[in-house]
Each structure stands twice: as structure tokens, then as C-alpha cells.
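The values are calculated or read from the model by the stated rules, or taken from the named source; none is laboratory data. This one's a predicted model, so the numbers in the text were calculated from it and none came from an experiment. Note: ideal-geometry Cβ built from the backbone for every residue, glycine included; neighbour counts use all protein chains shown.
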Amino acid sequence: MNEQRFRLFAGGRIDRERAVRFDFDGERYTGFAGDTVASALLAHGVHLVGRSFKYHRPRGILSAGAEEPNALLQVGRGAYTLPNQRATQVELYAGLSATSQNRWPSLRFDAGAVSSLLSPLFPAGFYYKTFMWPPSFWLRHYEPLIRRAAGLGRSPTEPDPDRYEKMHVHCDVLVVGAGAAGLAAALSAGRTGARVMLADEQSEPGGWLLGSKTAIDDAPAVEWIASALEDLRSMPEVRVLPRTTVTGYYDHNYLVALERVGDHLPPGTGGARPRQRLWKIRARQVVLATGAHERPLVFRNNDRPGIMLAGAARQYVNRYAVRPGESAVVVTNNDSAYPAAIDLSDCGMQVHIVDVRSRPPEAMAAAARQRSIEIFAGHALVAAHGHARVREVTLASLDAARTGYTGTPRRLSCDLVAMSGGLNPAVHLFSQSRGRIVYSPERGCFVPGESVQAERSAGAANGTFPLAYCLSEGREAGKAAAAAAGFRKRGGLRSPKVEGEREQPAEAWWISPPSRAGAPLNKHFVDFQNDVSAADIALAAREGYRSVEHVKRYTTTGMGTDQGKTSNTNAIAIISQTLGVDPSQVGVTTFRPPYTPLTFGALAGRDIGELADPVRTTPMHDWHLAHGAAFEDVGQWKRPWYYPAAGESMQDAVDRECLAARNAIGILDATTLGKIDIQGADAAEFLDRIYTNGFRKLAPGRCRYGLMCGEDGMVFDDGVTARLADRHFLMSTTTGGAARVLAWLEEWSQTEWPELEVYFNSVTEQYAVASISGPFARALLEELATGIDLGPEALPFMSWGEGRVAGIPARIVRVSFTGESSFEINVPSDYGLYLWTTLMRAGARYGITPFGTEAMHVLRAEKGFIIAGQDTDGTVTPDDLGLGRMVSRHKDFIGKRSLARPDCRRADRKQLVGLLTEDPQTVLPEGAQIVDRVLPRPPMKMIGHVTSSYFSANLGRSIALALLRGGRERHGERVVLPLPKRRVAATVTAPVFYDEQGERLRA
Amino acid sequence: MLLIHCPWCGPRNEDEFSYGGEAHIVRPAAPEAESDAQWADYLFMRTNRKGLNLERWVHTHGCGRWFNVARDTVTHRIEAVYGMGEAPPVQSRGGG
């Protein structure tokens, strides 16, 4: 189908030299560069492009812009496909492939349309009323049913092959919209030298001027646009962004815009450029010149394909050189439809005008009659007829009360209805900025009220519609915005000369009465995208809904992806008529970002894949990789989880590593543990206040295990702190808690105790740490160490010393998380890998075995050592862990007073216990619940839960740690844990399974 | 996205900062002497003001310093920024 039967021979902003092939629903078409999918389809006479959401009614192209509720297409193939694209905004590119949505099996014959016949059964609130009960039906039946029936487009299922970028910018004046007012604003702001950004959503600036025949300075408007752009380009501080939609207006003049850099190019041909760019803009001042959207009129079957907005019809004729039909009925409540009627007539269509006003504008009416356009004044459209395309309308003369008709209705055949219900300023961004929208009775629309942020609206966005006023208001807004940002320039800009276009305001007319009194209004559509009719809104009002926010949610009007750009004002008007109140009393809904939908790709930008989050690795990482380690993510760190040998399962590897650590030597990369260097005259005093136990008396050369609580008395981190010198400590934290603990120390130091002299520095990455454990650990270290006595008297458990290991300066700390005699060797990071490989080589004859975090967890659980964050969860006190002895009675510390609260002293608090399953081979799942009494099905009273659980190769059986109510008093009791399809019995024990006296540790 | 004037680094985007809750909540000098009710009040009770709120912020992804901010919780307007331990230059407004 290559014949563009409805294309005009001349005019328009299209390039007839560049034909562009595309397909729609499998049919091939040709358009021109400069077309949108909508204009190209209309050039072929295609109006039917989709089916409606609820009733599957055939729908056509309503608008020529962002407000489009009907013509939503699936565009692009495979990984490039995007759903719900507005055909009115999608620029044509070679090979574009679009399909209609929400129809099965085909657009012309849609099985779902049967629901249209049932529409009396789908009233407002239908979903709420019907799909509520029983609740179990929702997930299994209703939701899939609704999703399938309602389905908008499909999201792509393959990874996104495109690249997206983000820009962060500051400017003095951001002008949103490059129509007449926006261009004028940018010109007057730009000439002051202010840094100006002008963002416009269309492919070329100009707004509605691109589709009008208006003259500025006695020349076509496009010439004025071109010269304005030339002026702007000559200003070095001005940046013009076409194809850029400002989608969000947030606090403190922070705005987000989406630039469609490559959406108008065939997929994959943009080269190095991203597909889209997300701009995050902090603007000193904002000028909103976002224009206006035309309102539809509400009459029976006003949703038939071939019925479009009058302004849109004018755009298609003038901008895209498309004749949208053969014979048009233009129906209006205002003057703006007259130029549209004239343009339609001038391109060869037969035109009738139906004006609900009894006195049409004289000059315009005369110009129309000159073209043999018949005008039916004081008439309204009763109904449209036709199914897949309008073919006829019924009109009738309105009676004196304007609530019914007089005389004989008459029929006019037509294939286009161009309707105009007046203009709605596009107040979306103003509303997002928290400004209140107010109803203007003179203009019959909602306009911006008082500004809340550093912002002003200009032109149609401000309810100022005549071109001459748009230009002057834009100019003044730009000048004022620049001045407010500190930029002024003497001398005014000349006002461009504009043809006199004095329009009468629209008559407040919203909805055609039914053909006979009392007939239903269920085909008088208000919200096209969500299939909400005037009857639905009236029903909601009758059922007691008064606030527009409630009516909106009950009827779903304005809740589609278009956010009701064409429907909200009509809905409010109908509510106000039904309730007999003024529209201002009904109120307005709050517009939310985004103005038009954004892709997730744009929001994610480059923060995907390996750039989503930084990865931290230790100096020994390459060795772990080379030796086949499986890794575990701990915070941002990659830690070896276990090191499987050939043919080993995870359990095999962990068993082998655990046995080696107790019987030979195990070696662990402990670099990731948080290390905080603490110095200052009051460092000891500060630590005394932070830890539950005392640190002031800790001697230099010694270490102490400390517990930290929040002010609520709950344990939040633990670790060993070494006193390096009188005023110098080195604190270790859990791997995941390092940043949090440092922030915690800083907070208390800066906000509560600024009088204490103490300084903190993270030194986690300054030192690499290899920890060796096991009966031969000392023997190995003695071979490599110089300048330090490693004997148990010289370097006892919980002390540290300095010397050299393999020639490297090292700090050796006698701490143990495995329960074996252990040496933690700290060396400058650059030596980490050398230290590790030297230890591995020298340790070979002792059977040195690297172990990962899993074996570490098993070994520490055998000893009953907790992991903060695994065995604690923010509700656990030191005493709950059996560490009450670590709570000092002689000093205050953070959280101490809370431990005396009655709730912290209850005997039936959850306390740490061990669990031994009756079947020693059964390993309980972590998180399993201990119940008071097993019942056939939940709910059961839960009295505890498993926090850590492993198979211990050293013990030849499973072990678990659990938090159990009153657990310390229950040692020896049998408890039951119900699991899916089975239950496990276990005996409560002390939370230590190995070397209870700690002799191995101190050896 | 608020624009917060860090006293040390100047105006920066909100996402460089962390919120630290209501300001000027004094930790009792002798916690042991507090009744359970008094302690609970210190620990848990906050004003949740609708209006000008005095609150703490920290420039987490910047200089790391804590400071106070007087911010209107309705309009998000920031009326003052002042140091830890300083008296507020404006009075809080609005009920809690």
C-alpha cells in the first residue's frame, strides 16, 4: 500500500524527496521524513489504530501530540520493542515496525469486543465490586484475566541493547516548551547573558505554529521560528534541546528531562550516541511555556475512528500535508475551530460547522461561508454513527435550557469529525511543582495559581491563548526570570507583528444531552484510554463520591498512561453538573511525574551490569580466582566462599576446609573486615562510651572483644579493638558493618560529645590480612617471622606484636574466630598477595588449606561465636546472646539505660541457644521457626527461630544456633520445627559445640 | 531533590546527604537517673512537625560533617543552616 491517497501535493514540514517505508500490523506503507506514524497512517486513510482498554471499541487517532489517549502502538522489534508509544509522537524511520495493541485476533475483528456489548455490566467501580471476593481468587483467576483482557503493550523480554546516559546540569533559566511563548522567553532571557536551556518535546521547535497558517511579521510563522533559533544559536550561553520532554518538576527547582537522542533513527544505527539521555537540571528560574491541550466534546460515540480534535486536524493538514478525510463536520464551543474548518476546506474537504453557540463569530463565520461552509449555530452533535470509522452524525438544535433538543434532528454524512471543546493549559509541570491549579470561569479552564517555586507560566500554559499575547507574555516571562537570576539588559526586544486574531472565549459547554430525556450516557466517552463514560462519572456522583480524587479512583478516569490530559477537565465539569456545583468546588487531581512515560533504560542510565554497584576486591583476589574460589558477596566485597577441588561438591569442600583448620592449618583472607584507626587524647574515654565493656584500662599491646549497642540497647556490631598506644586504637568491625560503624562513631563524636578529642579514619584498604588457624599455625609463622617472639607467654591470646613476616613489616594479632590458636597477620596492602603466596608455599608441608567464608561460619558456629546481623536482628540485647558479662556496671555507655527497661529484663526474651537435631544428618534451614505446639496447619505460636545452621565435619553432625524464648532455661528440652511437608525435632543445648573451655584457642 | 547548603562545601544535591532526624534532642546527662517514661521519651518520641522543623543532616558523600537545618516540612523551604551545638537562628513552627 504505497499510494498516499490523502497526501497533499504541496506544503507541510515533510520532505517529499525522502520516502520512508514502514509497516503497521504487517501491512507495508510509505511515508516521508518528517512524518509521525500517525500522520503517515492518515496519509493512507488509516484511522483505526487500536482497541480500547475495557470494551475493545475500535479507536482512531485523536490528537497530534503528547495528549494522545488512543493511538498507542507497540513500536520496534525484538529487544528494541517499546509498548504504548503514542503514534502521534513517534517519528517515522526507515523500517519502523508498529503493531496495534489490545486486540485479538486482529484489529478489524476483535473477539474481546464482545465486552462492548456487555458494557452495561461494566459500570464504574466494576473491578472493586466484582473482583473482591473470595480473596484467594484474585491472584489465580481475576488478575491474569484482567491483565490478558486489558493488556496494553508488551515489554521487551531480551536485554536492552541500547545505551542510555545521564546529564547533570545547572542553568539560570530553564524554558520548557519552544512554541511561541517559549521561544520568546528564551530570546529575552538569552540576550541578558543568562545561561538558558530551552527544552522542547517535538522534533523541531515551534509548537503549534508549525501547524498553523498564521503570519508573524508578515511572513509565515516558520520563518520567525527559524530566525529565533538562529538568534538563540548565536548566544553562547543558550542551549536548545529538541526531542526533549521535561517529565518531572521536583523540589528546589530540580527538573528531569528525557532527550530522545536516537529514537527517530532505525534501531542500532545511532553509532556512539545513546538512544536516550536523561537530564537532571537544577534551574535558578523556570519558565513553563508548555502550551495547551484541546478538549474533546462529549457526545454519543464520540470515540469512533475519524473523530479527532480540531487543532489536531489542522496540524495534520498544515504541518504534515495530510487531508484527514473527504468530508468533515467541525463541532465546537469556541472560535478556534473556525480556522481549522477553513484549513480543511482549503485542502479540498467538504466541511460543515456545528457551533453550540447561537452567535458564531462574525468575521470568521463570514470567511467560512465564503468557502461554502454551512454553519449550524446553536446546534450540538447528538451522536456519531459508524463502527470502524465515523460515517454520519446526528445533530439537533439545542432548546432554550440547553439540556435537550428542539426541532427535527438531521443527519450529515462525513468521514471526519473535528471537535473542539476549548483549550486546557498544560499545567502538569506547574502542578508537580506543588502549585495549586485554579478554575478560571472566564476562560472555562484550569489555570496555574500562585507560584510556589521560582517559576512562572507563560502563553497557553498560563491560559493566554491569542498568539500576540503569547509572544508578549513569553518575552516578559523570560526577561523577569533572567532578572530574578541576576541578569539584566537594557532595551526591550521588538514585539513581532501578528495578524489580529481576537477570539471570544469558549462557551462553558461540556456534554451533549442524550437524544431523549433519561437515555443513558454510557457511550458518551470522557476518558478514552480507560473507557470511562459520562454515565460512569454520573454513577459515581450518585453513589456519593464528591471529591474528584475519589471519583478518579472509583471510575479510573485520568488514570491511564496519558494521565487524563484530554479527559480531566471534562470529568470535573460533568461531576460539577451532576452535583450542581461550580467546577472550582470539585477540585482538581494532582498531576504526578512523569508528564509522559519514561523508559527504565533512561532511568537506569549507565548504572547497570557491573557499573550498578562498585565491586571491592582484596589484594589476594587474583590468587583466589586462579585457585577456583567460589565467591560470596558481602556488602560490596567479593569474598572467597569456598575453594572446590576437582570433583568436589560445596559440602565436600567446606568439610575439607573445616577439618584442615582444626587439624593442620587453615588460612583465611580477612582483609575485608572493617578497620578503623582511632586516635586522640580522649580515644579511650570515647570507646568506653561506645562499647558495652570497658576499654580505658586496656593496656597498650592488648586487644579486647567489644559489643556495640544502639541507644535502644540492641546489639548492632561487634569486633576486636587493639590498643596500639596510649592514645591510639585500631577497631575492627564486621565486613558489612564497617561504613555504618564509622558513621556511628562520627555521629556521636560530632553531635553529642564534641568536647572529646578523638579522630577516626577508615584503614580497611590500607592493610591486607591473612589469618592462619590451627595446631601448626605457630610453627609455620615461626619459620617466616623475624623480630617477634610468637610464644604463648610473649604473645598470648588477645594481644598483638610487631615484627617482620617474610621480610615484610607486619602486625600480628592473636585473635581467633575459628576457636583455634590463630594469628592474624596485617601487612601493607601492596604486600598482601606476596604474604599470601609465601604462606601457602611455606605451609604446604603442614597441609595449609585456604578456607572461605562458609567454613569460617561453620567453625565459628561450632564455637558459638555470633555474627552480628545473622544471629542478631536489631531486637537482641547482649544478655540475650549470653554476653551479659560484657555489660559494664561501672560506667555509662550507649544503650545502657535501655537495658534496664522492663522489656529488656523479661525472662522470656528470645535467647541464643544451640540446637542439635535428633537425626544428626538433618541440617535445619536458617529461618526455620520453633513452635510451641505443632498443629496441622498455620497459624502456630512461634517461640523462636534458627539463625545459623550447618553440617559440622569436625563433629560429624549438624549444628544450629537459634533464638528461643526463655532459651537459657530450656537446655535439654526437645523442640519441634515444622517445615514444608515434614517436621524436625531437636534438643536445646548451650550455644557452644566444641572446646567449651577454649583451651585450643589460647594455645 | 532538595538543594542543601552544606556549611563546609556549599550547595549540593540532597542525595549527597543523610537525614539525621529531629535536632536539639539532648541526651540526659545521667541516664541512670531517668525514669522509664523519661528515657522512653528521649529514645522514641519525636515531634513530627508540620511546619518549620529543626533537623540534623550529615554530608555523607562529601565532607562527612553533621549540621542542623531549619526546613519547612510542608514546602521543603530551607530557612537556615547552622552548626552543631549552635542555637537555632529561627524558631520552629507548626504543630507536631
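The table below gives the values:
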read-out: Flag if A:Ala184 is in contact (Cβ under 8 Å) with a residue 12 or more places away in the chain and part of a helix (DSSP H, G or I); value: yes
read-out: Candidates A:Ser397, A:Ser472 - the one that is touching a residue at least 40 places away in the same chain (Cβ under 8 Å) and among the polar types (S, T, N, Q); value: A:Ser472
read-out: Looking only at the stretch A:310-342, and only at residues there that are over 43 Å from the mean Cα position of the chain (by Cα) and surrounded by fewer than 23 Cβ atoms within 10 Å (Cβ to Cβ), the one that is nearest to A:Trp509 (Cα to Cα); value: A:Ile342
read-out: Selection from the stretch A:205-236 of residues that are charged (D, E, K, R) and out of contact with any helix residue (DSSP H, G or I) (no Cβ under 7 Å at 6 or more places or on another chain); value: A:Asp218, A:Glu223, A:Glu230, A:Arg233
read-out: Any hit, the stretch B:4-13, residues being in contact with a Ser or Thr (Cβ under 8 Å, 6 or more places away or on another chain), outside any strand (DSSP E or B), away from chain A (no Cβ under 11 Å) and surrounded by fewer than 17 Cβ atoms within 10 Å (Cβ to Cβ); value: no
read-out: Given (1) of a type in the set (Gly, Ala, Ser); (2) at pLDDT 95 or above; (3) more than 46 Å from the chain's Cα centre (by Cα), number of the condition A:Ala960 does not satisfy; value: (3)
read-out: Any hit, the stretch B:19-31, residues being modelled with pLDDT of 95 or more, out of contact with any Phe, Trp or Tyr (no Cβ under 6 Å at 6 or more places or on another chain), of a type in the set (Asp, Glu) and under 20 Å from A:Gly710 (Cα atoms); value: yes
read-out: Top-ranked residue in the stretch A:205-232 [being assigned to a loop (DSSP other than H, G, I, E, B) and at pLDDT 95 or above; ranked as surrounded by the fewest Cβ atoms within 10 Å (Cβ to Cβ)]; value: A:Pro205
read-out: Boolean, A:Leu730 is within 30 Å of A:Tyr846 (Cα to Cα) and either assigned to a loop (DSSP other than H, G, I, E, B) or at pLDDT 95 or above (or both); value: no
read-out: Residue count for the stretch A:65-91, restricted to those that are assigned to a loop (DSSP other than H, G, I, E, B) and out of contact with any Gly (no Cβ under 7 Å at 6 or more places or on another chain); value: 9
read-out: Index of the failed condition, A:Ala684 passing every other in (1) more than 30 Å from A:Thr849 (Cα to Cα); (2) among the aliphatic types (A, V, I, L, M); (3) within 14 Å of another protein chain (Cβ to nearest Cβ); value: (3)
read-out: Restricting the stretch A:430-447 to residues that are within 14 Å of chain B (Cβ to nearest Cβ) and free of Cβ contacts under 8 Å to residues at least 40 places away in the same chain, the residue that is farthest from A:Ser584 (Cα to Cα); value: A:Arg434
read-out: Checklist (1) away from every other protein chain (no Cβ under 14 Å); (2) surrounded by fewer than 23 Cβ atoms within 10 Å (Cβ to Cβ); (3) at pLDDT 95 or above applied to A:Ala661, failing item; value: (2)
read-out: Within the stretch A:233-349, strands (runs of 3 or more DSSP E) holding 3 or more residues that are in contact with a Gly (Cβ under 6 Å, 6 or more places away or on another chain) and in contact (Cβ under 8 Å) with a residue 40 or more places away in the chain; value: none
read-out: Some residue of the stretch A:676-686 being polar (S, T, N, Q) and over 23 Å from A:Ser771 (Cβ atoms); value: yes
read-out: Checklist (1) out of contact with any strand residue (DSSP E or B) (no Cβ under 9 Å at 6 or more places or on another chain); (2) within 18 Å of B:Gly85 (Cα to Cα) applied to B:His59, failing item; value: (1)
read-out: Restricting the stretch B:31-76 to residues that are within 8 Å of chain A (Cβ to nearest Cβ) and farther than 15 Å from B:His5 by Cα, the residue that is surrounded by the fewest Cβ atoms within 10 Å (Cβ to Cβ); value: B:Glu32
read-out: Count - residues of the stretch A:197-227 that are small (Gly, Ala, Ser), more than 21 Å from A:Glu259 (Cβ to Cβ) and in contact (Cβ under 8 Å) with a residue 60 or more places away in the chain; value: 3
read-out: Residues being at positive phi and buried (at least 24 other Cβ atoms within 10 Å of the Cβ) - total across the stretch A:488-542; value: 1
read-out: A:Arg475 being charged (D, E, K, R), more than 14 Å from chain B (Cβ to nearest Cβ), closer than 27 Å to A:Ser227 by Cα and part of a loop (DSSP other than H, G, I, E, B); value: no
read-out: Test: residue in the stretch A:370-378 that is of a type in the set (A, V, I, L, M) and without any contact (Cβ under 8 Å) to a residue 24 or more places away in the chain; value: yes
read-out: Counted residues, the stretch A:877-905 - those being more than 14 Å from every other protein chain (Cβ to nearest Cβ) and part of a loop (DSSP other than H, G, I, E, B); value: 4
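For (1) more than 15 Å from A:Gly674 (Cα to Cα); (2) within 14 Å of another protein chain (Cβ to nearest Cβ); (3) modelled with pLDDT of 95 or more; (4) buried (at least 18 other Cβ atoms within 10 Å of the Cβ), each residue gets a yes or a no:
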site: A:Pro754; (1), (2), (3), (4): yes, yes, yes, no
site: A:Val763; (1), (2), (3), (4): no, no, yes, no
site: A:Ser773; (1), (2), (3), (4): yes, no, yes, yes
site: A:Arg778; (1), (2), (3), (4): yes, no, yes, yes
site: A:Glu802; (1), (2), (3), (4): yes, no, yes, no
site: A:Arg811; (1), (2), (3), (4): yes, no, yes, yes
